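The values are calculated or read from the model by the stated rules, or taken from the named source; none is laboratory data. Note that the coordinates shown come from a computational prediction; the quantities given were computed from them, not determined experimentally. With ideal geometry, Cβ positions are generated from the backbone for all residues, glycine too; neighbour counts draw on all protein chains shown. Each accessible area value is taken on the protein alone, full model and side chains, heavy atoms only, with ligands, DNA and RNA left out. Shrake-Rupley method; radii C 1.70, N 1.55, O 1.52, S 1.80 Å.
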Amino acid sequence: MRRIGLVVFLTAVFSIGWFAVRDVSLELDHLTVQKANLPDMSLEKVEFQRDVDGVEWTARVERIERRGSEIRLLSLDISGIEDEERRWTLYAPSGVFLEDRRKAVLSDVRGSVANGETIAFFAAPSAEWSEGDTDVVFAEGASYRRSDLFFEGNSVRVSFSGVFSAEKGASFTWLLPEKTE
């Protein structure tokens, strides 16, 4: 009986030793974060507020992942309130902030601008903004609509003051109010 116990014990020690030596001798490439495709840092359900020139901005992000000099954003929801009359919303399912260029690029952007009772909606395949700029660039085009007008441009630039400029063609439709006689 002692021999069987000794054989089982030696087999277990040999097996543990063999696996330990095999694991220690693995190449470093198999253990790197790059190969595992893991982000450097990941945060979930992030919310922050900031007051900029009298506008209170609130941003909610479902997940933020840092990979080198890129910060990836998933499910970005932004709202801005200047006063009871002026409000903004913006939603993008994904985006990236390029730290080395200090530039944000958002995909499939949707949002609204409200001024009192008048509400307008905008949409664009992408939006780009560089830190320090006062314009947002919609290089792939954008559309803007409210009850009495519709604007669509191929390459659109919008300033924070609300000025639209379009390059490479645009269309503008204005609906006149019906006469009530």
- Item | Single residue of region 140-176 satisfying the filter (part of a loop (DSSP other than H, G, I, E, B) and open to solvent by 50 Å² or more (accessible area, probe 1.4 Å)) that is nearest to residue 116 (Cα to Cα) | 147
- Can you tell me which residue within region 147-181, out of those that are touching a Ser or Thr at 6+ places or on another chain (Cβ under 8 Å) and charged (D, E, K, R), is nearest to residue 129 (Cα to Cα)? 157
- Residue by residue through region 114-139, note down the ones that are of a type in the set (S, T, N, Q) and either modelled with pLDDT under 85 or open to solvent by 40 Å² or more (accessible area, probe 1.4 Å) (or both). 115, 118, 134
- Message: Condition first: closer than 22 Å to residue 51 by Cβ, modelled with pLDDT under 85 and open to solvent by less than 40 Å² (accessible area, probe 1.4 Å). Can you find one or more residues in region 82-101 that meet it?
- Response: no
- Only one of 61, 46, 52 is open to solvent by 40 Å² or more (accessible area, probe 1.4 Å) and β-branched (Val, Ile, Thr); which? 52
